[in-house]
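Below: the structure, in structure tokens.
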Amino acid sequence: MVVIGDLPNEILEIIINFLPTYRDGTNFSLVCQRWENLVKSVRLKRMAAFKKALGEGNLCWNKWNSGHAVAAPSKKKRPLSGLLNVDSVNDSRFSTTICGDKMYVLREHPNLRNLNLCSFDLSQRIWEKIDLSITAQSVPGFKGDFTMVSFQDKLILFGGVRITKGQWLNQLHVYNIREKQCTSPAISSPWPPVMTQHTATVHGKQMVVFGGHHKTTHTQKNSSDVWTLNLDNFTWKFQKTSEMKPIPRYDHITKSISTRTIC
């Protein structure tokens with residue numbers, strides 16, 4: 001009797017390639033060491049093909065209708081540019097990041113004067129609206145120009161501007177996906193200045209914040225400063241860099257490309 005495990009690796013890779021990358025591919029890899037290696041091989045080949053197509057400008061976009069439009073976020077003022085090749089995308093109106101097999105989209109909600117959080121299951125392709133009103137009282141208010149990244153089972157929101165008052169912020173909020181709770185960690189170390197339109201990237205166990213509009217008591221300027229947040233104990237550190245560094249900037253994108261490099 002022939003079973004699927006008797007098939008050669010080349011045939012199994014073709015089968016795996018038809019599976020969704022996220023949950024199904026992960027479940028497939030749990031069968032045995034051989035299948036785990038096959039899943040890794042398929043993912044590496046997919047990523048290599050994607051980077052090649054990206055470099056050649058040869059990407060094909062398709063519009064997909066989920067059939068669950070009620071829970072989907074409303075139309076954005078700008079498209080989710082670069083969504084597939086960066087860890088998170090930040091826009092003055094929304095921010096999105098991937099955690100596990102779900103994509104989370106956080107955006108301002110002008111009608112509710114609050115933030116609207118939705119998740120998109122990348123395996124089942126279903127939208128779900130997350131009710132932030134059931135969380136702790138530290139739910140962030142109506143704001144824009146913020147960043148959101150994911151770390152383990154948490155979403156971390158930083159900075160931005162309070163739309164109704166034009167108040168710049170350096171607040172830090174952590175949303176625990178599993179416990180469905182939003183908190184503001186108590187941090188005694190020096191904080192970064194209030195800022196907007198910066199970027200935040202998770203690098204190992206640190207969140208690296210770069211650039212943006214910074215505002216202090218006496219100045220308001222574009223910046224090329226780097227701040228890091230230790231995600232284990234939530235302590236901030238101003239990161240010293242070389243004298244040669246990028247010009248001050250805002251509304252840009254950063255990505256971790258290796259264990260030592262962010263670009």
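Residues to consider are LYS245, LYS255; find the one that is among the basic types (Lys, Arg) and touching a residue at least 60 places away in the same chain (Cβ under 8 Å). Just a single option satisfies the conditions, and that option is LYS255.
Scanning the range 10-24 for residues that are in a helix (DSSP H, G or I) and open to solvent by 70 Å² or more (accessible area, probe 1.4 Å) turns up GLU10, ILE11, ILE14, ASN17, ARG23.
Taken over the range 102-144, the residue count meeting the criterion of being at pLDDT 80 or above, open to solvent by less than 20 Å² (accessible area, probe 1.4 Å) and either aromatic (Phe, Trp, Tyr) or closer than 23 Å to PRO192 by Cα (or both) is 2.
The values are calculated or read from the model by the stated rules, or taken from the named source; none is laboratory data. In this text the structure is predicted, and so the values were computed from the model without any measurement. We place every Cβ from the backbone using ideal geometry, glycine too, and count neighbours over all the protein chains shown. The area values use the complete protein model at the heavy-atom level, side chains included, leaving out ligands, DNA and RNA. Shrake-Rupley method; radii C 1.70, N 1.55, O 1.52, S 1.80 Å.
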